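Here is the structure we will look at.
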Amino acid sequence: MDLGLSGTRALVTAASKGLGRACAESLAAEGSRVFIVSRDEARLATVRAEIGAAGHLAADLAQPDAAGRALAAAVAALGGLDILVSNVGGPPPGTFESTELEAWDRGYQLTLMSAVRLAKAALPHLKESGRGRIVHITSISVRQPIPNLVLSNAFRSAVTAMAKTLSAEVAPMGVTVNNIAPGTILTDRVREIHGDNLDEVAKDVPAGRIGLAEEIGATCAFLCSVHAGYITGQSIGVDGGAVRGVH
């Protein structure tokens, strides 16, 4: 299937590793010109070379000015923007009682406000594109909260509600807004959270295994494709059946 992504212009954040890199790599493989952002300059430069990205910028999206700088750099490098893949590293684990108020402030800036600022800065360009796409990387925690991840549970749910609201506002302009809600995917963060218990975690997944970052990347590429123009306001679970609720 031709996804119709050749020549499209995409910004992917938190793209130096994990799910962000997988999304950037999938888009680039389909012919999209990709601009990548993360905090790690050295790793970004390596990934840029490996996937053939059109440019990169090191930026901490928890900082209020970073989203605007990332958008400006991407548009300057690409000559416009058709796709925004909004992704950040997860906030630190913790229970409600163990999480300090200062961590809530940073989680708010990193997880929620980065998505808000990126979308707001991108929208003029996406509307001009005529086939704009926004994809937020969230988590199954938006449907089934994960123990010891109170910040992620709270702020990724807020991103989902924001995206749903925005999707209705911009649908008449040809812009779609969707979320990918990954389950347990083999990334550095999942290794950090679960340690040596990944085999036990896999037993709780109906598919019987941990997911791969490439599966998130493929889902992202499809949502950005010409074939997904009638899909908007959705949270697509990629979780091997881990969420048991009917939705």
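The values are calculated or read from the model by the stated rules, or taken from the named source; none is laboratory data. On a predicted model such as this, the values are computed, not experimentally measured, just so you know. Note: ideal-geometry Cβ built from the backbone for every residue, glycine included; neighbour counts use all protein chains shown.
For this structure, a couple of remarks:
- The condition (being among the small types (Gly, Ala, Ser), at pLDDT 95 or above and more than 19 Å from Glu128 (Cα to Cα)) is satisfied by just one residue among Ala77, Ala73, Ala49: Ala49.
- Of all residues making up the stretch 73-114, the number that are of a type in the set (A, V, I, L, M) and free of Cβ contacts under 8 Å to residues at least 40 places away in the same chain: 3
- Leu166 vs. criteria part of a helix (DSSP H, G or I), in contact with a strand residue (DSSP E or B) (Cβ under 8 Å, 6 or more places away or on another chain), touching a residue at least 40 places away in the same chain (Cβ under 8 Å) and buried (at least 23 other Cβ atoms within 10 Å of the Cβ): no
- Residue, surrounded by the fewest Cβ atoms within 10 Å (Cβ to Cβ), within the stretch 84-111, restricted to residues that are over 22 Å from Asp40 (Cβ atoms) and not acidic (Asp, Glu): Leu101
- Selection of first residues in the stretch 176-191 that are surrounded by fewer than 20 Cβ atoms within 10 Å (Cβ to Cβ) and of second residues that are in a strand (DSSP E or B), restricted to Cβ pairs under 8 Å at least 6 apart or on distinct chains, gives the following pairs, ordered by first then second residue: Leu186/Gly211.
- Positions within the stretch 61-71 being within 16 Å of Val12 (Cβ to Cβ) and either surrounded by fewer than 20 Cβ atoms within 10 Å (Cβ to Cβ) or of a type in the set (Ser, Thr, Tyr) (or both), in sequence order: Arg69
- Options Leu3, Leu19, Leu11, Leu27; residue that is surrounded by fewer than 24 Cβ atoms within 10 Å (Cβ to Cβ) and either of a type in the set (A, V, I, L, M) or not in a helix (DSSP H, G or I) (or both): Leu3
- Count of the stretch 202-247 residues, restricted to those that are surrounded by fewer than 16 Cβ atoms within 10 Å (Cβ to Cβ), without any contact (Cβ under 8 Å) to a residue 24 or more places away in the chain and part of a helix (DSSP H, G or I), is 1.
- Selection status of Val177, in contact with a Leu (Cβ under 7 Å, 6 or more places away or on another chain) and either of a type in the set (A, V, I, L, M) or not in a helix (DSSP H, G or I) (or both): yes
- Taken over the stretch 74-108, residues that are in a helix (DSSP H, G or I) and either of a type in the set (Asp, Glu) or farther than 16 Å from Ser38 by Cβ (or both) amount to 11.
- Test: residue in the stretch 151-160 that is more than 15 Å from the chain's Cα centre (by Cα) and under 21 Å from Cys23 (Cβ atoms): no
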